[in-house]
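**Q** So that we are looking at the same thing, I have put the structure below in structure tokens.
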Amino acid sequence: MTETVSITTTINGESRTAEVEPRTLLVHLLRDTFGMTGTHIGCETGQCGACTVQMNGGAVKSCMVLAAQADGHQIATIEGVAPKGTLHPMQQAFWEEHGLQCGYCTPGVIMSSLALLVENPDPSEAEIRHALEGNICRCTGYHNIVIAVREAAVRMARGDEATSIR
Amino acid sequence: MHPYPFTYHRPTSIDDALTMLGEFGDSGKLLAGGHSLLPVMKLRLAQPEHLIDISGLAGLSGVRLDGDVVGIGALTTHHQLATDAILETSAGLLPEIARVVGDQQVRNRGTFGGALAHADPAADYPAGVLALNAEIVARGPNGERTIPIDDFFVDFLTSALEPDEILTSIRIPALAANTGYRYEKLQNPASGYAIVGVAAVVTLTADGKISAARVGVTGAGDMAYRPQAVENALVGSTPNEDSVKAAAESAVDGIELLSDIHAPADYRARVTKNLVRRAVLKAVERAGV
Ligand SMILES: Cc1cc2nc3c(=O)[nH]c(=O)nc-3n(C[C@H](O)[C@H](O)[C@H](O)COP(=O)(O)OP(=O)(O)OC[C@H]3O[C@@H](n4cnc5c(N)ncnc54)[C@H](O)[C@@H]3O)c2cc1C
Ligand code: FES
Ligand code: FES
């Protein structure tokens, strides 16, 4: 079976096309075809959430979606959350509140957290923990992640802009 | 981690998908949210040559109230179920279950129809659709048929759907007045699936007697089931802690319990009885007479 599928998808607002083998996973389309390695791969079986991106605004695990299923849909990745050289208020909050240690889970956690804040701009600690059930972090114990998301909610509610990296 | 190679098809209508199913026979498989099928394909436990992606088909998604019956399209996602206003008022048990399926990401992709068709013995919805007395609507080469939920789960990972049929919708009678419901789940902390899950729907008379009770159990055996001895003991009784506890004692009668590293059979038996007791008591409380 050598045939390919052609895909046109909007990634971070930009239309992209590719010809891929049908079994290509969305995470490999992003990382291998388009060289966007901000989206990480942990388990590749849907358990860890390291590969989380947004599809039409909802958080999804990109190792659990075929690239072909992204055809015609909107994908948002960590690369698109803030202009180059700047940090989104969510990223700034993770930095300041020590919401990461090794950083492996962080792109996925941020994409899940941003999706949460669109649905619920003022989440409680319990609501943040519920929304992040699909993102495993081996380092932080989640405590500072929750604090960072709360802090980001406050900053985004008051309209903070992306800040440049010092 | 890649599945074996396959050919990808995107039908443009249900009829188109049915034609493909007929043409490919055993080598074709429907793909909806992919959250059960892609994992088994990656683990190479399944290797369909043709994937028929129905996830983009129009008209198979969403919730409609038609008189006293709620119709739910097969492609409705767990997230849609969790947040749907019609369901919240007419069959609130389903959103209660949907909210504890997997995680945010899984709920955004996985579909109600896919979950039922997959008939995983540890899946959450089977308990709920049994308790709600749902009907499954399927289309095949000879047209449409309706399958009562009591006939739907037939074995481990096996439903009453034929290989050439597509589950199109699920019909649920809207809950009657003075009816309460509850889903109780002991969650596997790693996978999120149910070790045991129990759904109860209870209707009370004006003087507080149980006039109808349906209970669904998932995770305990090879497939979801209704513990009918429990239901029979409840109907006609005036429920209290002791009577419900006594009724729940027969929750695993005649069931060959699963036994694995997560829960040996005797533990599953105790958990099932306890969750039946809790689910029924909460349903009674919510029936609010
Ligand atoms: C990390 C993770 C955690 C999960 N946790 C839970 C949990 O806690 N509880 C739980 O219940 N589930 C859980 N699931 C499973 C999830 O709910 C799946 O979405 C669901 O079981 C399958 O739905 P799907 O749309 O993804 O189906 P698919 O994977 O696309 O299909 C599953 C099977 O059903 C068939 N099929 C699909 N749609 C139809 C149709 N309309 N007609 C006929 N056949 C069809 C397919 O051919 C395939 O055989 C989890 C999954 C993952 C990956
Ligand atoms: S890499 Fe996708 S969930 Fe772990
Ligand atoms: S910071 Fe290391 S896994 Fe989360």
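**Q** Would you mention how many residues in the stretch A:41-59 are of a type in the set (Ser, Thr, Tyr) and within 13 Å of ligand 3 (Cβ to nearest atom)?
**A** Adding up the residues that qualify gives 1.
**Q** Further question on the same structure: Take the stretch B:137-174 and flag every residue that is under 19 Å from B:Ala32 (Cβ atoms) and in contact with a Pro (Cβ under 8 Å, 6 or more places away or on another chain).
**A** Selection gives B:Phe153, B:Leu157, B:Asp164.
**Q** What is the residue count in the stretch A:33-59 for residues that are surrounded by 15 or more Cβ atoms within 10 Å (Cβ to Cβ) and more than 16 Å from ligand 1 (Cβ to nearest atom)?
**A** Of the residues in the stretch A:33-59, 7 are surrounded by 15 or more Cβ atoms within 10 Å (Cβ to Cβ) and more than 16 Å from ligand 1 (Cβ to nearest atom).
**Q** Can you pull out every residue in the stretch B:54-69 that is within 9 Å of ligand 1 (Cβ to nearest atom) and surrounded by fewer than 14 Cβ atoms within 10 Å (Cβ to Cβ)?
**A** Those that are within 9 Å of ligand 1 (Cβ to nearest atom) and surrounded by fewer than 14 Cβ atoms within 10 Å (Cβ to Cβ): none in the stretch B:54-69.
**Q** For residues in the stretch A:21-63 being more than 16 Å from ligand 2 (Cβ to nearest atom) and at positive phi, which is nearest to the chain's Cα centre (by Cα)?
**A** Once the filter is applied, the top-ranked residue is A:Gly57.
**Q** Let me ask something else. Consider B:Ser237 against the criteria (1) under 19 Å from the mean Cα position of the chain (by Cα); (2) farther than 21 Å from B:Asp120 by Cα; (3) not in a helix (DSSP H, G or I): it satisfies all of them except one. Which criterion is unmet?
**A** Every listed condition holds for B:Ser237 apart from (1).
**Q** Kindly provide the set of residues from the stretch B:22-53 that are over 20 Å from the mean Cα position of the chain (by Cα), surrounded by 13 or more Cβ atoms within 10 Å (Cβ to Cβ) and in a loop (DSSP other than H, G, I, E, B), ordered by number.
**A** B:Ala46, B:Gln47, B:Pro48, B:Glu49
**Q** Follow-up question, since we're still on this one. Keeping to the stretch A:19-40, report how many residues are among the small types (Gly, Ala, Ser) and either touching a helix residue (DSSP H, G or I) at 6+ places or on another chain (Cβ under 6 Å) or within 16 Å of ligand 3 (Cβ to nearest atom) (or both).
**A** 1
**Q** I want to confirm something. Restricting to the stretch A:90-133 and keeping residues that are of a type outside the set (A, V, I, L, M) and under 14 Å from A:His40 (Cβ atoms), which single residue is surrounded by the fewest Cβ atoms within 10 Å (Cβ to Cβ)?
**A** Going through the qualifying residues, I end up with A:Cys102.
**Q** Also: Considering the stretch B:13-30 alone, what residues qualify as being hydroxyl-bearing (Ser, Thr, Tyr) and touching a residue at least 12 places away in the same chain (Cβ under 8 Å)? Full working, then the answer.
**A** Going residue by residue through the stretch B:13-30, those that are hydroxyl-bearing (Ser, Thr, Tyr) are B:13, B:19, B:27.
The answer is B:Ser13, B:Ser27.
**Q** Taking the stretch B:6-23 as the region of interest, how many residues are touching a strand residue (DSSP E or B) at 6+ places or on another chain (Cβ under 8 Å) and more than 13 Å from chain A (Cβ to nearest Cβ)?
**A** 6
**Q** Determine whether A:Cys48 is more than 9 Å from every other protein chain (Cβ to nearest Cβ) and in contact with a Gly (Cβ under 9 Å, 6 or more places away or on another chain).
**A** On the way: more than 9 Å from every other protein chain (Cβ to nearest Cβ): yes; in contact with a Gly (Cβ under 9 Å, 6 or more places away or on another chain): yes.
Considered against the rule, which asks whether it is more than 9 Å from every other protein chain (Cβ to nearest Cβ) and in contact with a Gly (Cβ under 9 Å, 6 or more places away or on another chain), A:Cys48 comes out as yes.
**Q** Based on what the data block shows, is A:Ala18 of a type in the set (Gly, Ala, Ser), more than 6 Å from ligand 2 (Cβ to nearest atom), more than 21 Å from B:Thr7 (Cβ to Cβ) and assigned to a strand (DSSP E or B)? It would help to see each step written out before you state the result.
**A** On the way: of a type in the set (Gly, Ala, Ser): yes; more than 6 Å from ligand 2 (Cβ to nearest atom): yes; more than 21 Å from B:Thr7 (Cβ to Cβ): no; assigned to a strand (DSSP E or B): yes.
So A:Ala18 fails the test.
**Q** When only residues in the stretch B:205-229 that are of a type in the set (A, V, I, L, M) and surrounded by fewer than 23 Cβ atoms within 10 Å (Cβ to Cβ) count, which is farthest from B:Arg268 (Cα to Cα)?
**A** It comes out as B:Ala206.
**Q** Might you check whether a residue that is more than 9 Å from chain B (Cβ to nearest Cβ), more than 24 Å from B:Val40 (Cα to Cα), surrounded by fewer than 20 Cβ atoms within 10 Å (Cβ to Cβ) and hydrophobic (A, V, I, L, M, F, W, C) occurs anywhere in the stretch A:60-79?
**A** Scanning the stretch A:60-79 turns up no residue that is more than 9 Å from chain B (Cβ to nearest Cβ), more than 24 Å from B:Val40 (Cα to Cα), surrounded by fewer than 20 Cβ atoms within 10 Å (Cβ to Cβ) and hydrophobic (A, V, I, L, M, F, W, C).
**Q** Same structure, new question: Tell me the residue from B:Gly33, B:Gly102 that is in contact (Cβ under 8 Å) with a residue 24 or more places away in the chain, on the phi > 0 side of the Ramachandran plot and within 9 Å of ligand 1 (Cβ to nearest atom), please.
**A** One residue alone meets the criteria, B:Gly102.
Computed from the coordinates by the stated procedures, all read-outs in this text should not be read as laboratory data. Everything numeric in this text was worked out from a predicted model, so none of it was measured. Here Cβ is always computed from backbone atoms with ideal geometry, including for glycine, and neighbour counts include all displayed protein chains.
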